[in-house]
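Here, each number is a calculation from the coordinates, and none is a lab measurement. Here the structure is a predicted model, which means the values were calculated and not measured. All Cβ positions, even for glycine, are placed from backbone atoms using ideal geometry, and neighbour counts span all protein chains on display.
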Amino acid sequence: MVEKIIEVTDLKKAFKANEVLKGVNFYVRRGQVFSLLGSNGAGKTTIVRILATLTTLGSGSVSVCGADLVKQPNKVREVISLTGQYAAVDEMLTARENLRLVANLRHLKNYTQKMEDLLEMFELTQHADKLVKTYSGGMKRKTDIAMSLLGEPEIIFLDEPTTGLDPQSRLRLWDMIENLKNQGKTIFLTTQYLEEAERLADYVAVLDGGVIVAGGTPSELKTALKDVSVAEYENALPTLEDVFLSIVNKGGSAQNNADKVSSTSQSTDQNTDSQRADSQNTDSKGGENE
Ligand SMILES: Nc1ncnc2c1ncn2[C@@H]1O[C@H](COP(=O)(O)OP(=O)(O)OP(=O)(O)O)[C@@H](O)[C@H]1O
Ligand SMILES: [Mg+2]
């Protein structure tokens, strides 16, 4: 049976008159890298902040590791970590002091070795006793991510983790995300870099207009779009970027494409016993595409 470590049902959220989430449905399987794609302002950070108990939901239900987000927020907080879109590092402390602060806030014991390992992994050891305000943007970001990993979370939320990183640091962070996945962690990743989703994600959900308009493995999304737009892509598989743009930019045909992508995902679900069969399809809950 699929273990749905995160399950989101009919999630709605408005900021005053701005209805950002209009009935979002998806689930994340334990051990998966789940990537949420969407344009600027689509609501990705809003979803992450709701799942991390930082923003209240409007309506709908969310469970995280079996805990109800609204009724048991503390249970949710025990199993997650969040690296937000903007670095939450105290610039007047050193990296090591920031890590110690998190350890104390989380009441962690015997964390010294883990802290040193994280500093090493992010190549921060040499700089660990310098004030963060003297760091480059990438180093701040790496300190932030190291802080979020200190408590051995089950689920790691990374909101655009590689924004602002140079290509080399980005590649290293991708390796690190793969390592975390190999350790059995579940990763919830938002990104605008399609290449990133393509490289890392087991499942990609596209958020547009307040709902999930398409979902599937990166290759399923590409194959499905190839089926619907043969003329455009001839025999070459489109990149995930083509798929994304086609779904979010083409007005009327966008929904059409999204429907086809989702229905292809569903038939894949029914016909394979592979990992994908355990994966979700967004219209199985009957909602977003209607
Ligand atoms: N605290 C808030 N108060 C009012 N409006 C908000 C708040 N947070 C987000 N919004 C609005 O919700 C919408 C979605 O914002 P959100 O930050 O979730 O988008 P995003 O997909 O993460 O975008 P980006 O790719 O730019 O990070 C935007 O219209 C934004 O202005
Ligand atoms: Mg955001």
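Numerical summary
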item	result
Net charge contributed by nearby residues that have their C-beta within less than 12 Å of A95 (K/R +1, D/E -1)	-1
Under 11 Å, Cβ to Cβ, from L69 - net charge with Lys/Arg +1 and Asp/Glu -1	+1
Over 26 Å between alpha carbons, listed pairs K44/K71; K109/K181; K13/K133; K22/K71	K13/K133
Separation of the D68 and D175 label points, Cα + 7 Å toward Cβ, nm	4.5 nm
Segment 76-144 versus segment 11-33: alpha-carbon centroid distance in Å	29 Å
Simple label model, 7 Å out from Cα along Cβ direction - R30 to K109, nm	2.6 nm
Global geometry of segment 4-201, whether rounded, prolate or oblate, following the gyration tensor of its Cα atoms and the 1.5 cut on a/c	prolate
Reciprocal mean inverse distance between Cα atoms of segment 69-160 - Kirkwood radius, Å	13.4 Å
Segment 55-64 - phi-based ³J(HN,Hα) in whole Hz, Karplus 6.51/-1.76/1.60, Gly and Pro as x	10, 6, 8, x, 8, x, 10, 9, 10, 10
Relative packing of peptides 142-148, 192-198, 109-115 - highest average C-beta neighbours within 10 Å first	142-148, 192-198, 109-115
Alpha carbon convex hull of segment 1-108, projected area averaged over orientations, nm²	8.7 nm²
Calculated FRET value between F15 and M92, using beta carbons and R₀ = 25 Å, to 0.05	0.20
Charged-residue dipole, Cβ positions (Lys, Arg, Asp, Glu), segment 4-201 about Cα centre, Debye nearest 20	560 debye
Pairwise label distance in nanometres, L101 with K75, each label 7 Å out on the Cα-Cβ vector	3.1 nm
Stretchable slack from S61 to E152, in nm (0.36 nm times residue separation minus alpha-carbon distance)	30.2 nm
